[in-house]
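Here's the structure, in structure tokens; my notes come after.
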There are 4 protein chains.
Amino acid sequence: MTKVAVLGATGSVGQIFLQLLDRHPWFKVSAVAASDRSAGQIYREAVTWHSPTQIPEDLAELEIAPIEPKAFDDVDLVFSALPADVAKKTEERFAKAGYFVVSNASAHRLDRDVPLLNPEVNCDHLRLVEQQQRQRKWSGAIITSPNCSATILTLSLKPIQDAWGIKRVLVSTMQALSGAGYPGVASLDILDNVIPFIPNEEEKVEVETVRILGAPEKPADFKISASCHRVATSDGHLEAVFVETERSADPESVKAAMENFVGEPQRLNLPSAPPKPLVLKPDENRPQTRLDRMEGDGMAVTVGRVRSDDALNGVKYIALGHNTIRGAAGCAVLNAEYLKAMKYLDRWK
Amino acid sequence: MTKVAVLGATGSVGQIFLQLLDRHPWFKVSAVAASDRSAGQIYREAVTWHSPTQIPEDLAELEIAPIEPKAFDDVDLVFSALPADVAKKTEERFAKAGYFVVSNASAHRLDRDVPLLNPEVNCDHLRLVEQQQRQRKWSGAIITSPNCSATILTLSLKPIQDAWGIKRVLVSTMQALSGAGYPGVASLDILDNVIPFIPNEEEKVEVETVRILGAPEKPADFKISASCHRVATSDGHLEAVFVETERSADPESVKAAMENFVGEPQRLNLPSAPPKPLVLKPDENRPQTRLDRMEGDGMAVTVGRVRSDDALNGVKYIALGHNTIRGAAGCAVLNAEYLKAMKYLDRWK
Amino acid sequence: MTKVAVLGATGSVGQIFLQLLDRHPWFKVSAVAASDRSAGQIYREAVTWHSPTQIPEDLAELEIAPIEPKAFDDVDLVFSALPADVAKKTEERFAKAGYFVVSNASAHRLDRDVPLLNPEVNCDHLRLVEQQQRQRKWSGAIITSPNCSATILTLSLKPIQDAWGIKRVLVSTMQALSGAGYPGVASLDILDNVIPFIPNEEEKVEVETVRILGAPEKPADFKISASCHRVATSDGHLEAVFVETERSADPESVKAAMENFVGEPQRLNLPSAPPKPLVLKPDENRPQTRLDRMEGDGMAVTVGRVRSDDALNGVKYIALGHNTIRGAAGCAVLNAEYLKAMKYLDRWK
Amino acid sequence: MTKVAVLGATGSVGQIFLQLLDRHPWFKVSAVAASDRSAGQIYREAVTWHSPTQIPEDLAELEIAPIEPKAFDDVDLVFSALPADVAKKTEERFAKAGYFVVSNASAHRLDRDVPLLNPEVNCDHLRLVEQQQRQRKWSGAIITSPNCSATILTLSLKPIQDAWGIKRVLVSTMQALSGAGYPGVASLDILDNVIPFIPNEEEKVEVETVRILGAPEKPADFKISASCHRVATSDGHLEAVFVETERSADPESVKAAMENFVGEPQRLNLPSAPPKPLVLKPDENRPQTRLDRMEGDGMAVTVGRVRSDDALNGVKYIALGHNTIRGAAGCAVLNAEYLKAMKYLDRWK
């Protein structure tokens, strides 16, 4: 078992990490860390637990550690659920101290030598780790997982890019409340409402999507435009995607490509890899947020309504994924599994 | 005062008609008609009234008439809130019998000699009435108002088309529950959910938009693609619009064109015309469904977040309108006002 | 394995039966039956499946049988999820034909010789079966499970009745949408709303509660009053309960009595019995519908906020239970398990 | 016109004050005050305006004053929408400085010489002002309006108390989100949920109700017990009320007493007095939160489902009122109107 720590363990993404790592076959959480305000307290008492499931029993009584590299001597890998502003320096400190930091924060996603990894899509980007360690003279490294909406989007686009090439992507998202953290969106702001704005989200979706679907050193050169909206759902980001392809793609072939798509996590049979990363829903009114977000234990992206696009030379479809699992902590855990499977954790430290 | 009748007066759109026509300065409802099941009953008793406002007092005690032309001798204009399947033959019968039928039903919207009228956008289409009467040998006529989402979309596109020309439109809608009528969407289907499918809606939006923005005899030739979604809001359709323009359009100029836009209803000072058909919201998180749907008493479309589009050579923005007012009964009432102002009601009958 | 059939298998309670019986250690669904409209069709095609979980695989391809005793030769027990009007005669026909009918319908709940069974509370009522068979000359029998709100209420009241006696109960419910079946409550009726009326619900809660908490032949003689309300939750009925006790009861003792309470299903270790039928939540803002409804796999009732009542000589508290599991299909399955454990199924047929 | 100031004008109750006072026939807002953080800013820029209606135009450009008596020389009456902790000392300072402070805060509600006024119910309590001024040696005075739930409850109880006497009241509330202020309840906490706890609310309802329905110097001596719950509605508190009466009361007579009930505000024809303070809804499923909260412009309480109570010797019914209008700012404005009509504002200052 690889011993891991979770930084930012009391926050909402931190809580998802603990749920996903509970009884994980490869990883054992041996430390939870949070801000100075909570450090020293017992986890059960410091946390406002949001989920209907219980706090994993062996973690509930852990004393919360401060967010300092020296606090985790026996740990091989650190998951970061830190807020972006804190993440920047902190993650660097941990990497410098020799830890592998698998981060869900946005702070380092666009650093040229940091992999932004959605493992079914661009596991070859992991090789940036070597460059990162060489340039920064670190024995550890930072590996980031993408923005929630970009994770879902890139997974759905990958088989299209592979088979037909992509010229242009337009995407309109209907995003869940949990994406804003806790307390996040005020109830009075969202009851009977749609909020057509999420700070910095469109920029993240656009920039990260072309980075993920490009080469490790060079973003893809298709054009992309996003419009992001908050709706009154608890979990699950639904996306209406319009794609112009380089070569003519008919909907039936696109469906087949999506259904048959697998990535390295499936080939390596990683513990958190869903059997199929893309699950095609045949009903004309699916995927639906409430019904389909837990597909593949929240790690699969469901797609549906693949049809010709009358305005672009291509297809349009609906994609849906669980934003705090596939789109956040789950993707990070899968990244860590891939790291371990590729023996990265053995090589250093 | 022009005496009017409302066909389908007990349904949800019918109820909006009665509310909008209550104390109308030009029109007086002198008859309400509904299916055989309700005909003969007192309106108050036959209807399941959905609005927090009361049933207009003078209408509450009316006896419901059957849906037959002969029942309305003293009526000059008939509003139709009939379901599409009933509307087709019934509206024809009324037009043949000499009535002007201002319809919210989809049955005749695509007939080549029937105006599909969103009056700030294409009031010149009204001239199809002459052709209709000549060809069909009717003394009355049918005038239709567009699909709710198309009404909102075309209003927002008109100043862009006028100033820069349109090559391509992609639109993703987040539509309210009232658009499905009553009882409509089951509560269990929409709580904590998005349903990414509305039967026939995308087709209507696509076809009607190019018809409205074209010449009376010939649809506009830009390309259009819609993706339509149901969300948990009561009233108000919000639309994320991506537009490729023929000539380069910068966001500030588009905002100015939207703000300055007026149409014939404003110039004629029609009673139901909102002071400004497009109201620009400067805040970065507006328009919002709950906060802005009643702008201009529900007759204005609010727009916001006009910004450059990175994938199309153009702009993207958010548009919002009240689906049962501007997008249904309100647009039909405005059409009727325009008919009257243009003396159509005087010329025949 | 006891072979069972589910009558009304395509309805919403019927679907819960199938989920609960999937991989059940004692029961195997060998037939699903539904109205003539569906009979003859394949289950997967006839049903509108509402749950995020899949249709149990071995049932999905079953052909739907008509609701006739002769259709189920090899079946030992029949679960009824029939609507009340159909249930009355149909369940009698099955019981007469020798089947044990474990019903969730209200039709026979108040028959004096039919057990109305909430097994942790009144398993001794099962002895009415002998009387029923003798009087009606049936080799089978009908056993009913209570109204959802009454199931939850009586479970929470039982330890209080045992230790202090009950003089008076007032209860105000906040009930979930799934209690109204499907399509049930229209979304436009419940968004941003509370509906303070559920047809016949208050009467059922009042009458069934005293019956369950009484002797098999004689209802309890405390007074009861219910006020029932529909709120915008998917599953889970929350109840505010005020109790006047015969002997003075302090909140701490009531909490202890609730926590320590177990019934025959726990003693017999029945497969669907929750480890604790009542789970006390210590936090001052619990139980909450979304967080606690699945306690004990939806079979436990959670209680909290036990405090002195200033108006009655007693206590008030909050109780919460899953209405379609504990309050419907789950209680019926537990009843069937109790029947089997008590060898009722062996004695006849 | 009486010039008034609003303290706490940027908060959510403060905003309702401004809406209700806009174009008020007797009062003119000449100053808005808020905490030091906002003081000095222009109102439009300092406020996060929550309502679909616009900020009253003449107030939007006001400079926000600090919350100091000396800032309001020409003001005769001060409305306080301050948070409870700030309100205590601040309101005293204003009263001492000679202002009449009409407060919505809870800080002084239980002071024995401060009127807790729901004007249709206990306008005679206003005479405590003389005692207050004498004892405290103030030229101004503090007058408080009750807790939102208590306002609604006492209005509905008053005609029952008058005609039959009250022995016992039990009430279970289903309260709206706006009652928690802004941002208030997190959306993730209330979607698909009921929260059966509102801090201090039950205590307020119980204590204030007997105070309001008692003599100025002595609370009523009936027993009362409340259970308070938060549900997913925007505005409008719905209450299930169970009443034991001293003399036997049949539902029809109670309905008649409610329908015929009027108070001093109606007799004096005060501008904000609803025509009928209690509006009886005859339909069996009314009042409903969304449909009925705006009755009497949000100043009336609607009642319905008056029926015999099987557990208490009395009746049970549903009452509903708008929590931020009748239950907060609206009641305070009505109190101020009553003060003015009774010439209190003339006598001092």
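Could you check region B:214-251 and list, in sequence order, the residues that are charged (D, E, K, R) and more than 7 Å from chain A (Cβ to nearest Cβ)? Across region B:214-251, the qualifying residues are B:Glu217, B:Lys218, B:Asp221, B:Arg230, B:Asp235, B:Glu239, B:Glu244, B:Glu246, B:Arg247, B:Asp250.
If a residue has to be of a type in the set (D, E, K, R) and within 16 Å of D:Glu239 (Cα to Cα) to count, how many in region D:296-321 make the cut?
So the first thing to find is which residues in region D:296-321 are of a type in the set (D, E, K, R), and the list is D:297, D:305, D:307, D:309-310, D:316.
Among the residues that remain, those that are also within 16 Å of D:Glu239 (Cα to Cα) are: D:305, D:307, D:309, D:316.
Of the residues in region D:296-321, 4 are of a type in the set (D, E, K, R) and within 16 Å of D:Glu239 (Cα to Cα).
Confirm whether A:Ala220 is in contact (Cβ under 8 Å) with a residue 40 or more places away in the chain, open to solvent by 10 Å² or more (accessible area, probe 1.4 Å) and of a type in the set (A, V, I, L, M, F, W, C). For A:Ala220, the condition - in contact (Cβ under 8 Å) with a residue 40 or more places away in the chain, open to solvent by 10 Å² or more (accessible area, probe 1.4 Å) and of a type in the set (A, V, I, L, M, F, W, C) - is met. If you check C:Val114, C:Val32, C:Val13 for being in contact (Cβ under 8 Å) with a residue 40 or more places away in the chain and of a type in the set (A, V, I, L, M), only one passes: C:Val13.
For region D:1-16, the candidate set comprises residues that are open to solvent by less than 40 Å² (accessible area, probe 1.4 Å) and within 22 Å of D:Lys343 (Cα to Cα); within that set, the residue that is modelled with the lowest pLDDT is D:Thr2.
Cβ separations smaller than 6 Å between residues 6+ apart or across chains give no pair from region B:249-266 residues that are under 15 Å from B:Lys281 (Cβ atoms) to residues that are of a type in the set (Asp, Glu) and surrounded by fewer than 22 Cβ atoms within 10 Å (Cβ to Cβ).
Scanning region C:41-55 for residues that are surrounded by fewer than 17 Cβ atoms within 10 Å (Cβ to Cβ) and in contact with an Asp or Glu (Cβ under 8 Å, 6 or more places away or on another chain) gives C:Gln41, C:Ile42, C:Arg44, C:Pro52. Against the conditions (1) touching a Leu at 6+ places or on another chain (Cβ under 6 Å); (2) within 13 Å of another protein chain (Cβ to nearest Cβ); (3) part of a helix (DSSP H, G or I), D:Arg211 satisfies every one except (2). A:Met294 satisfies every condition listed in (1) in contact (Cβ under 8 Å) with a residue 24 or more places away in the chain; (2) more than 10 Å from chain B (Cβ to nearest Cβ); (3) closer than 22 Å to A:Glu252 by Cα except (3).
Which of the strands (runs of 3 or more DSSP E) found entirely inside region D:227-311 contain at least 2 residues meeting this: touching a strand residue (DSSP E or B) at 6+ places or on another chain (Cβ under 9 Å) and open to solvent by 10 Å² or more (accessible area, probe 1.4 Å)?
Where strands (runs of 3 or more DSSP E) fall fully within region D:227-311 and carry at least 2 residues being touching a strand residue (DSSP E or B) at 6+ places or on another chain (Cβ under 9 Å) and open to solvent by 10 Å² or more (accessible area, probe 1.4 Å), they are D:278-281, D:301-309.
Can we say B:Ala81 is modelled with pLDDT of 95 or more and either away from every other protein chain (no Cβ under 14 Å) or buried (at least 17 other Cβ atoms within 10 Å of the Cβ) (or both)? Taking the combined requirement at face value, the residue satisfies it. Before we move on, is B:Asn323 more than 14 Å from chain A (Cβ to nearest Cβ), polar (S, T, N, Q) and buried (at least 24 other Cβ atoms within 10 Å of the Cβ)? Against the criterion (more than 14 Å from chain A (Cβ to nearest Cβ), polar (S, T, N, Q) and buried (at least 24 other Cβ atoms within 10 Å of the Cβ)), B:Asn323 does not qualify.
Can you name every residue in region B:178-194 that is outside any helix (DSSP H, G or I) and closer than 28 Å to B:Leu213 by Cβ?
Within region B:178-194, B:Gly181 is the sole residue that qualifies.
When region D:121-136 is filtered for residues that are farther than 16 Å from D:Glu91 by Cβ and of a type in the set (Lys, Arg), the ones remaining, listed by number, are D:Arg127, D:Arg134. Scanning region B:153-177 for residues being away from chain A (no Cβ under 11 Å) and either in a helix (DSSP H, G or I) or without any contact (Cβ under 8 Å) to a residue 12 or more places away in the chain (or both) gives a total of 12.
Report, by residue number, each residue of region D:129-145 that is over 16 Å from D:Ala97 (Cβ atoms), open to solvent by 10 Å² or more (accessible area, probe 1.4 Å) and in contact (Cβ under 8 Å) with a residue 12 or more places away in the chain. D:Gln131, D:Gln135 - these are the residues of region D:129-145 that are over 16 Å from D:Ala97 (Cβ atoms), open to solvent by 10 Å² or more (accessible area, probe 1.4 Å) and in contact (Cβ under 8 Å) with a residue 12 or more places away in the chain. Screening region A:195-207 for residues that are assigned to a loop (DSSP other than H, G, I, E, B) and hydrophobic (A, V, I, L, M, F, W, C) and picking the one that is nearest to B:Ser234 (Cα to Cα) gives A:Phe197.
Here's a check for you: in region B:178-187, which residue that is crowded, with 23+ Cβ neighbours inside 10 Å and not polar (S, T, N, Q) is farthest from the other protein chains (Cβ to nearest Cβ)? Let's see the steps before the verdict.
Filtering region B:178-187 down to residues crowded, with 23+ Cβ neighbours inside 10 Å leaves B:178-179, B:185, B:187.
This time we only want the ones that are not polar (S, T, N, Q), so: B:179, B:185.
Working: B:Gly179: 10, B:Val185: 5 Å.
Among those residues, the one meeting the criterion is B:Gly179.
Which one of A:Ala341, A:Ala336 is in contact with a strand residue (DSSP E or B) (Cβ under 7 Å, 6 or more places away or on another chain) and over 28 Å from A:Val231 (Cα atoms)? Residue meeting the stated conditions: A:Ala336.
Close Cβ contacts (under 6 Å, 6 or more residues apart or on different chains) running from residues in region B:232-244 that are farther than 21 Å from A:Arg290 by Cα to residues that are among the acidic types (Asp, Glu) comprise B:Phe242/B:Asp309.
Tally the residues that are part of a loop (DSSP other than H, G, I, E, B) and more than 20 Å from B:Leu20 (Cα to Cα), restricting the search to region B:61-101.
Taking region B:61-101 and keeping what is part of a loop (DSSP other than H, G, I, E, B), we get B:61-62, B:64, B:66-68, B:72-76, B:81-83, B:97-99.
Checking the rest, the ones that are also more than 20 Å from B:Leu20 (Cα to Cα) come to B:66-68, B:72-74, B:97-99.
The number of residues fulfilling the criteria is 9.
The values are calculated or read from the model by the stated rules, or taken from the named source; none is laboratory data. Note that the coordinates shown come from a computational prediction; the quantities given were computed from them, not determined experimentally. Cβ atoms come from the backbone with ideal geometry, glycine included; neighbour counts cover every protein chain shown. The area values use the complete protein model at the heavy-atom level, side chains included, leaving out ligands, DNA and RNA. Shrake-Rupley method; radii C 1.70, N 1.55, O 1.52, S 1.80 Å.
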